[in-house]
Amino acid sequence: MSDYINRELSWLEFNQRVLNQALRRDLPLLERVKFLGITASNLDEFFQVRVGGLQMLKRSGSRAKDVSGLTPARQLQLIRKRVGRMIDDQYNLFTKELLPAMQSEGISPIPVASLTETQLLALGTLFHDQIFPLLTPLDMDRETPPVLPSLNLIMGVQLHDPDSGETRFCAVAIPDCLPRRVHFPDMGEEAFVLLEDLTGAFVDTLFPGEKVVCKVPFRVTRNGDIAVQEDDSLDFADEMEEVLVARKFSETVRLELPADVPVPLAKSIREAAGAGPSETYRLRGPLRLSDFTGMAFAPGSDHLKVAAWVSQPSPMVDPSLSMFENIAAGDILINNPFESFEPVVRFVEEAADDPDVIAIKQVLYRTASHSRFVAALIRAAESGKQVTVLVELKARFDEARNLEKAEELQRAGVQVVYGVKGLKTHAKVCLVIRRENGVLRRYCHFGTGNYNENTARIYTDISLLTCDEDLGADASQFFNSVTGRTRLMRFRKLSPSPAMMKARLIELIEGEAERARQGEPGHIMAKMNSLNDVQIMDALQSAAVAGVKIELNVRGICCFKPLSPKAAKNVRIVSIVDCYLEHARIFHFRHGGAPRVFIASADWMTRNLDKRVELMIPIDDPKLARRLKGILDACMADNTQACLILEDGSSKPLAPVGKAKPFRMQEALTKEARRLAKNKERQMIQMLEPHLPQE
């Protein structure tokens, strides 16, 4: 038995935890549909990246074993077996529970066969006006099969020519720019037909003179794990564009077909897609379940959704003052989305417009499509400020957007740097340099999440806004290192990776272990997305054996497991799946009663600690450190949305035991944010009352 849990199987168990939310009958219908769609979207990326990478290793003949002792071939075998069970669970849920419930609410897909002649005529007009011009048939019988687009819905068609008696096969790719749910007035406001059903109903118009014998939708997933060859690239942006093109032609890692597709058509599709039996999945319901997620966010049907939580204004930010005045008054910690991300956006926007600001430096990893950050940086550059932006082009599946944003920034006069050679720059940092009374002062933002005002509404993350001199000097040193490609060293407070963070973490873990051996209490609490670094896991193992209490909140991949009864006694690992995506990284070490608390952009994964440019930031203010400790305590107390991660990597849902009351971490933090915001509002009213006119 291995000392570690396999990374890929651990991730699939995480996706099962998400699916378990969809299985909950106590949740509103569209909330269940949302979680089901998320599991499908997660699987898309998993196949593109993880399965794609393993398939490349297998094809190369590699028999190298991962930390769990599995070869690429064995991992693929176990993955496909586990995914098969997951797909069965997905479609049993959709067809037996969710679809009937959607039908009773009048929000389910309407079969074309059930439409009246009048409705069909209306649909036919819509098809010919808005869909037909965008369709391009591709002959699948050619000697060189057509390139079938990855992740698109495609209509496979078997045709018969009555004149020649010949049978042939075609593919009709359905453009992604078209809505999956097609509404039209004659069927009611909520009623819709699925795009592939509509296309199938009129696909014969693409083949005049031939008879459509059968037609089925299918979907191809291609390998997205294609690395940029930085050593050979003269122009990094051009090289990244080549990677984007290469993904369109990469090998197939998954082919999804309806379960009842006839054998001749299935054979033709498999040959055109280049998929074997092990890559082929037969589905008993609509393809691309991820498209149904949008129903949970569309207007209407509020009785089928959970009540939305509203982000509260931070009690640490006075809206009547500038962000520079707020930060100068003391460090500001924001826990979004419980608290609004707006102060961080304001910070950059005010910096762009402030005549006393002379320079802005920022890392952009993933941004919103219409980013206020990018707009502010462009405005700052156009006004004559010195603006430097590090754009990470290797942010997977955001490369095209980042290329576009980088070009937009460059046109405005921004100095754009394309990351660090051989490493992804994943740090979340913004440095603003402002002239105050003839002296330059540094203001910084450090975070655990991206500069993306859209995801900030649904991801839990921590932001620190500060003008601490040491952190400001470190931020300058960080930007000088990454833009000048010098070594990440000589930092006062920050711990960057790959140079320092792992060593610092191991030092802190070993410090707890040594104190425990000396008879002192040792305690480690940490919150992260994933954990798989062997050196970190080995240090945790030793600490647990030494008697250190280890409490971990790991949302996704967790390869760590206690290897002895003594270690197991001291280790507790939970994972929380709730309305918001858990994304913050918070680390707490008891440190002999003088706690050391950090936030970070990095998970405890080898890729973050050894192969990415990341930052770990100490939180020295005792009040802010206690607040972060409170978040960790809330994570470990959750007994409604949390699962206990077991030693074999599987999960066990937690529930209140005995007289314990139900406790939901995200709900508790939402209520706490409301309470703090109301207290702040009350204080401001009390301050204003003496100055208000009397009746």
Go through (1) in a helix (DSSP H, G or I); (2) among the β-branched types (Val, Ile, Thr); (3) at pLDDT below 95 and name the single condition Thr367 misses.
(1)
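To keep it simple, each residue is scored yes or no on (1) touching a residue at least 24 places away in the same chain (Cβ under 8 Å); (2) in a helix (DSSP H, G or I); (3) open to solvent by 20 Å² or more (accessible area, probe 1.4 Å); (4) on the phi > 0 side of the Ramachandran plot.
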| residue | (1), (2), (3), (4) |
| --- | --- |
| Glu8 | yes, yes, no, no |
| Leu12 | yes, yes, no, no |
| Leu27 | yes, no, yes, no |
| Gln77 | no, yes, yes, no |
Collect the residues in the stretch 302-316 that are aliphatic (A, V, I, L, M) and either out of contact with any strand residue (DSSP E or B) (no Cβ under 9 Å at 6 or more places or on another chain) or exposed (fewer than 12 other Cβ atoms within 10 Å of the Cβ) (or both), keeping them in residue-number order.
Leu304, Val306, Ala307, Ala308, Val310
Residues being hydrophobic (A, V, I, L, M, F, W, C) and under 12 Å from Leu99 (Cα atoms): count how many of those fall in the stretch 24-35.
3
Please specify each residue of the stretch 48-67 satisfying the condition of being closer than 20 Å to Thr606 by Cβ, open to solvent by less than 70 Å² (accessible area, probe 1.4 Å) and in a helix (DSSP H, G or I).
Val49, Val51, Gly52, Gly53, Leu54
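Confirm whether Gly330 is free of Cβ contacts under 8 Å to residues at least 24 places away in the same chain and assigned to a loop (DSSP other than H, G, I, E, B).
Numbers: free of Cβ contacts under 8 Å to residues at least 24 places away in the same chain: no; assigned to a loop (DSSP other than H, G, I, E, B): yes.
Answer is no for this residue.
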Any residue in the stretch 384-400 that is outside any loop (DSSP other than H, G, I, E, B), open to solvent by 50 Å² or more (accessible area, probe 1.4 Å), over 18 Å from Ile334 (Cβ atoms) and at pLDDT below 95?
yes
Subset of the stretch 542-574 (residues that are farther than 25 Å from Met665 by Cα, in contact (Cβ under 8 Å) with a residue 40 or more places away in the chain and either touching a Lys or Arg at 6+ places or on another chain (Cβ under 9 Å) or among the hydroxyl-bearing types (Ser, Thr, Tyr) (or both)):
Pro562
Here's a check for you: in the stretch 114-154, which residue that is β-branched (Val, Ile, Thr) and free of Cβ contacts under 8 Å to residues at least 24 places away in the same chain is farthest from Pro217 (Cα to Cα)?
Thr116
Residue pairs, Cβ under 7 Å, 6 or more apart or interchain, first in the stretch 494-515 and closer than 18 Å to Leu552 by Cα and free of Cβ contacts under 8 Å to residues at least 60 places away in the same chain, second open to solvent by less than 60 Å² (accessible area, probe 1.4 Å) and not in a helix (DSSP H, G or I). List them.
Ala513/Gly522; Ala513/Val548
Top-ranked residue in the stretch 267-282 [being in contact (Cβ under 8 Å) with a residue 24 or more places away in the chain and surrounded by fewer than 21 Cβ atoms within 10 Å (Cβ to Cβ); ranked as farthest from the chain's Cα centre (by Cα)]
Glu271
Name the pairs: first residue in the stretch 430-445 and closer than 13 Å to Ile327 by Cα, second residue in a loop (DSSP other than H, G, I, E, B) and among the hydroxyl-bearing types (Ser, Thr, Tyr), Cβ to Cβ under 9 Å, at least 6 apart or on different chains?
His445/Tyr451
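With the requirement that a residue be part of a loop (DSSP other than H, G, I, E, B) and aliphatic (A, V, I, L, M), what does the stretch 271-283 give you? Working first, answer last.
Step one: of the stretch 271-283, the residues part of a loop (DSSP other than H, G, I, E, B) are 274-276.
Hit for the stretch 271-283 is Ala275, nothing else.
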Within the stretch 14-24, residues being of a type in the set (A, V, I, L, M, F, W, C) and either without any contact (Cβ under 8 Å) to a residue 12 or more places away in the chain or under 23 Å from Pro72 (Cβ atoms) (or both) number 1
With respect to Ser481, is the statement that it is at pLDDT below 95, among the small types (Gly, Ala, Ser) and over 21 Å from Phe324 (Cβ atoms) true?
yes
Write out, first by first residue and then by second, each pair whose Cβ atoms fall under 7 Å of each other, whose residues are 6+ apart or on separate chains, and whose first residue, in the stretch 250-261, is among the small types (Gly, Ala, Ser) while the second is modelled with pLDDT of 95 or more.
Ala259/Arg282; Ala259/Leu283; Ala259/Arg284
Unique match (being over 18 Å from Pro277 (Cβ atoms), modelled with pLDDT of 95 or more and among the aliphatic types (A, V, I, L, M)) among Met56, Met86
Met86
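With Asp238, Asp225 as the choices, which residue is modelled with pLDDT of 55 or more and exposed (fewer than 13 other Cβ atoms within 10 Å of the Cβ)?
Working: Asp225 fails: exposed (fewer than 13 other Cβ atoms within 10 Å of the Cβ).
Checking each option against the conditions leaves just Asp238.
Can you spot a residue in the stretch 574-582 that is farther than 24 Å from Glu13 by Cβ, open to solvent by 20 Å² or more (accessible area, probe 1.4 Å) and modelled with pLDDT of 95 or more? Break it down stepwise before answering.
Here is the first cut: in the stretch 574-582, the ones farther than 24 Å from Glu13 by Cβ are none.
No, there is no match, as no residue in the stretch 574-582 is farther than 24 Å from Glu13 by Cβ, open to solvent by 20 Å² or more (accessible area, probe 1.4 Å) and modelled with pLDDT of 95 or more.
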Would it be correct to say that Gly422 is surrounded by fewer than 19 Cβ atoms within 10 Å (Cβ to Cβ) and within 22 Å of Trp604 (Cα to Cα)?
yes
Can you confirm whether the stretch 515-526 contains a residue that is within 30 Å of Val391 (Cα to Cα) and either among the hydrophobic types (A, V, I, L, M, F, W, C) or modelled with pLDDT of 95 or more (or both)?
yes
Sort out which residues of the stretch 1-50 are farther than 17 Å from Gln90 by Cβ and among the hydrophobic types (A, V, I, L, M, F, W, C), and write them in order of number.
Met1, Ile5, Leu9, Val49
What strands (runs of 3 or more DSSP E) lie completely within the stretch 85-187 and have 1 or more residues being surrounded by fewer than 17 Cβ atoms within 10 Å (Cβ to Cβ) and touching a Cys at 6+ places or on another chain (Cβ under 6 Å)?
136-139
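Farther than 21 Å from Pro595 by Cβ and open to solvent by less than 60 Å² (accessible area, probe 1.4 Å), is that true of Gly511?
no
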Among what's in the stretch 462-508 and is over 27 Å from Phe341 (Cα atoms) and of a type in the set (D, E, K, R), pick the residue that is most open to solvent (accessible area, probe 1.4 Å).
Arg490
In the list Pro319, Pro299, Pro286, which residue meets the criterion of being part of a loop (DSSP other than H, G, I, E, B) and open to solvent by less than 40 Å² (accessible area, probe 1.4 Å)?
Pro286
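The values are calculated or read from the model by the stated rules, or taken from the named source; none is laboratory data. Worth saying up front: this structure is predicted, and the values here are computed from it rather than measured. Counting neighbours? That spans all protein chains shown, and the Cβs are built from the backbone with ideal geometry, glycine included. Accessible surface areas use protein heavy atoms only, side chains included; no ligands, DNA or RNA. Shrake-Rupley method; radii C 1.70, N 1.55, O 1.52, S 1.80 Å.
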